[in-house]
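K.L.:
I'd like to ask you about the structure that follows.
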Amino acid sequence: VISRPYCIFVLAIFLAAVCYKNRNEHPVKYLLCLALMCAVHSYGIMIAGGLCIVWLIEIFIEYKKSGKLAGILKDRRCWLMFCLLVFALLVMAAIVPDENVFLGGKTTSETEMSFPIGVGNILFYFVMLSDAIFTSFYNYGMDISDLAEQLPTIIVLIFVFIIFMVVLHKNRKLLTFIIPYSIVGAFGSIVYASPHHIGVVTAFVIFTFWIIVEENGSVQLPDRMLKLYDKLGGKLKFVIKAIVFLPVLIPIAWSGASSYFDIRYPYWFDEAADFIKEYHLDDYKIMGMWQQLIKGDPEDYTYFGSDESDYEWYDYPEIQGVSVSLDSYFDKNIFYNFNIDDPNKVFLYYRANTQEQAEETFTKWQEQGEPDIVINRCEITKAYPNIDVDDYVAVKRVYFYKPYKFTTNQQYITIYMKKELFNEIGTLEELTAQKLY
């Protein structure tokens with residue numbers, strides 16, 4: 001089951017920023033904030049762990065300078081961090097994925113735990129920072145040819161990363177930022193990252209500048225930067241100031257744009273739920289599409305738009321994103337093929353399966369008979385080898401929009417219905433759409 005309590009994570013990291021300045025005098029308050037970060041998100045464990053590593057280094061240097069290094073073993077702060085470590089390990093033990101967890105895109109035992117490293121992975125580490133504050137560059141599916149075309153932009157973004165590090169060094173917070181950031185960046189680039197994880201980095205950037213201003217009163221710039229700035233003309237100085245304020249203003253604009261898109265466009269599957277209720281379709285056998293992935297290299301995106309029959313698909317019958325989303329609009333599970341072994345459960349088990357287990361699930365579906373309604377296009381002949389796909393017509397297309405920064409990604413689902421039911425209702429029109437296959 002997926003949990004994404006990002007709002008609580010942001011609360012925790014901002015509380016940690018409030019307590020950071022007095023962490024040595026009041027370590028319990030600060031570590032409780034870090035514990036909350038660990039409790040709500042795996043990225044919270046990484047950032048909290050990185051901050052503790054930096055703190056331990058600072059404590060070690062403090063004792064080494066005093067010539068009383070042995071005293072570090074009696075330091076209350078170190079023992080409290082040890083308690084936090086135990087807590088974090090318990091959280092990690094609770095959330096470590098089972099062997100049969102669905103990782104997404106991994107279709108064989110050979111690729112299930114493989115994490116290839118390429119140019120895109122390395123680039124992600126550098127671009128993640130600028131994408132968190134003022135750019136929208138990384139597309140999470142970029143191939144090498146795309147990277148070559150974007151080379152000038154990449155160079156600029158890496159230069160921005162270097163400037164950022166120089167400023168942090170001047171403010172004595174380079175280590176505080178780079179260790180947690182590197183842990184998150186390594187995990188995100190090699191194991192898993194999605195666009196919504198960029199917001200975690202945004203919160204951490206705010207945390208970093210928050211503690212700098214709290215300690216120093218302002219963000220200090222390197223002397224060389226100040227000298228170059230003094231040599232500029234009035235207009236160029238204005239441009240530089242405007243650029244410096246972009247990381248402050250752009251995320252606010254992103255929030256405004258996303259909020260507007262949420263209000264302006266239909267929310268998720270509202271229209272599909274209304275359609276089902278209007279025609280009382282929940283009284284019929286409704287099938288929801290399930291997750292199907294092409295066997296082979298999960299990074300091979302060349303198959304999109306091609307004939308489905310040219311590829312071998314791997315089936316995950318329990319992974320039904322559309323079903324779990326639509327069920328939230330009803331007081332029961334309306335999909336006969338969703339959680340068929342326990343239909344009273346309306347949440348999604350993020351469980352992988354072998355192809356043999358998929359066939360067993362398909363057999364249980366077949367015992368219920370053929371569906372009257374199919375929500376979204378799927379390879380229904382895998383579950384029902386003898387079904388006549390020409391017996392189903394498309395009757396409704398539901399559009400939904402996923403906002404991200406200044407853009408929206410338009411997608412849609414299609415509702416199919418048996419011709420017999422279609423004729424019985426009599427008021428629907430058949431849409432021009434791809435057939436079930």
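Rule-based calculations on the coordinates, nothing more; no lab input. In this text the structure is predicted, and so the values were computed from the model without any measurement. Ideal geometry is used to build each Cβ from the backbone, glycine not excepted, and the neighbour counts take in all protein chains shown.
K.L.:
Placing unit charges on C-beta atoms (Lys and Arg positive, Asp and Glu negative, everything else neutral), compute the dipole magnitude of region 21-110 about its Cα centre in debye, rounded to 20. Numbers along the way, then the final one.
P.N.:
Details: 10 positive and 7 negative charges, 129 e Å.
Dipole magnitude for region 21-110 comes out near 620 debye.
K.L.:
Would you mind checking the pairs Lys285/Lys345; Lys74/Lys173; Lys345/Lys419; Lys29/Lys64; Lys285/Lys418 and listing those with alpha carbons more than 19 angstrom apart? Don't jump to the answer; show the numbers that get you there.
P.N.:
Details: Lys285/Lys345 17 Å; Lys74/Lys173 26 Å; Lys345/Lys419 30 Å; Lys29/Lys64 26 Å; Lys285/Lys418 11 Å.
Violating the 19 Å Cα-Cα cut-off are Lys74/Lys173; Lys345/Lys419; Lys29/Lys64.
K.L.:
Report ³J(HN,Hα) in whole Hz for each residue of region 277-294, in order, from the Karplus equation J = 6.51 cos²θ - 1.76 cosθ + 1.60 where θ = phi - 60°; Gly and Pro get x.
P.N.:
Ordered by residue, 3J(HN,Hα) equals 5, 4, 9, 6, 6, 5, 7, 10, 7, 9, 10, x, 5, 10, 6, 10, 10, 6 Hz.
K.L.:
Stick to Cα atoms and the Kirkwood definition of Rh, then tell me Rg/Rh for region 168-217.
P.N.:
Details: Rg = 12.2 Å, Rh = 11.7 Å.
My calculation of the ratio gives 1.04.
K.L.:
I've got another one for you. Using only Cα atoms, tell me the angle between helix 42-66 and the longest principal axis of the chain; keep it within 0 to 90° and round to the nearest 10.
P.N.:
10 degrees
K.L.:
In addition: After finding the eigenvalues of the alpha carbon gyration tensor for the chain, what semi-axes result from the square roots of 5 times each, listed largest first in whole Å? Kindly include the intermediate steps, with their values, before the conclusion.
P.N.:
Details: eigenvalues 476, 142, 84 Å².
Equivalent-ellipsoid dimensions as semi-axes: 49, 27, 21 Å.
K.L.:
For region 270-425, compute Rh as the Kirkwood radius over C-alpha pairs and then the Stokes-Einstein diffusion coefficient at 10 °C and 1.306 mPa s; write the answer in µm²/s, rounded to an integer. Let's see the in-between values first.
P.N.:
Details: Rh = 16.7 Å.
Estimated diffusion coefficient is 95 µm²/s.
K.L.:
If you don't mind, another one. Mind listing the long-range amide H neighbours of Val101? Cut-off is under 5 Å, sequence gap 5 or more, other chains count too, H placed in the peptide plane at 1.01 Å from N.
P.N.:
Ala352
K.L.:
Work through the residues other than Ile72 whose Cβ is under 15 Å from its Cβ and net out their charges, Lys, Arg +1 and Asp, Glu -1. Numbers along the way, then the final one.
P.N.:
Working: positive: Lys64, Lys65, Lys68, Lys74, Arg76, Arg77; negative: Glu58, Glu62, Asp75.
With Lys, Arg at +1 and Asp, Glu at -1, the net is +3.
K.L.:
Restricting attention to region 8-42, which chymotrypsin sites (Phe, Trp or Tyr not before Pro) occupy a DSSP loop and are surrounded by at most 10 other Cβ atoms within 10 Å? Let's see the in-between values first.
P.N.:
Working: sites: Phe9, Phe14, Tyr20, Tyr30; in loops: none.
Of the chymotrypsin sites (Phe, Trp or Tyr not before Pro), not one in the loops of region 8-42 has a Cβ with at most 10 other Cβ atoms within 10 Å.
K.L.:
Here's another thing I want to ask about it. Out of Ile13, Ile95, Ile375, any idea which swings most in a Gaussian network model of the chain, alpha carbons joined below 10 Å?
P.N.:
Judging by the Gaussian network model, the answer is Ile95.
K.L.:
Same structure, new question: How far, in degrees from 0 to 90, does helix 119-133 lean away from the longest principal axis of the Cα atoms of the chain, to the nearest 10?
P.N.:
Approximately 70 degrees, to the nearest ten.
K.L.:
For the chain, what is the relative contact order in percent, using Cα pairs closer than 8 Å and at least 6 residues apart in sequence? Before the final figure, lay out each step's value.
P.N.:
Numbers: 492 pairs, mean separation 64.0, N = 437.
Averaging sequence separation for qualifying contacts and normalising by length gives 15 percent for the chain.
K.L.:
Here's a follow-up. Please determine, in degrees from 0 to 90 and to the nearest 10, the orientation of helix 6-20 with respect to the longest principal axis defined by the Cα atoms of the chain, where the helix direction is its Cα long axis.
P.N.:
10 degrees
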